[in-house]
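What follows draws every value from the coordinates through simple rules; no lab data is involved. Predicted model, so just to flag it, every value in this text is computed and none were measured.
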């Protein structure tokens with residue numbers, strides 16, 4: 001991989017700019033005490049075709065479809081508490 005010369009102007013195109021943004025959200029399950037994950041596009045009407053038990057499986061599916069979540073764009077980060085199984 002060639003390194004960019006710092007004297008050359010940077011045109012501002014990054015790999016993130018080529019991928020379409022999406023959001024990954026936890027969805028509370030109707031049964032049990034857990035959550036599943038789904039992704040949906042920010043600017044388009046595209047979404048995951050199914051729910052995923054694991055966050056990273058959902059992330060992989062979003063990326064496979066050409067979407068990239070932008071985790072650091074948000075100022076607010078919410079934490080979902082995990083309780084012991086009943």
Practice task
Indicate, rounded to the nearest 5 percent, the antiparallel portion of the DSSP beta bridges found entirely in region 15-72.
Solution key: 75 percent
Practice task
Mind putting together the pair-distance distribution for region 15-72? All Cα pairs, 10 Å bins, whole percent per bin, short to long.
Solution key: 25, 53, 19, 3
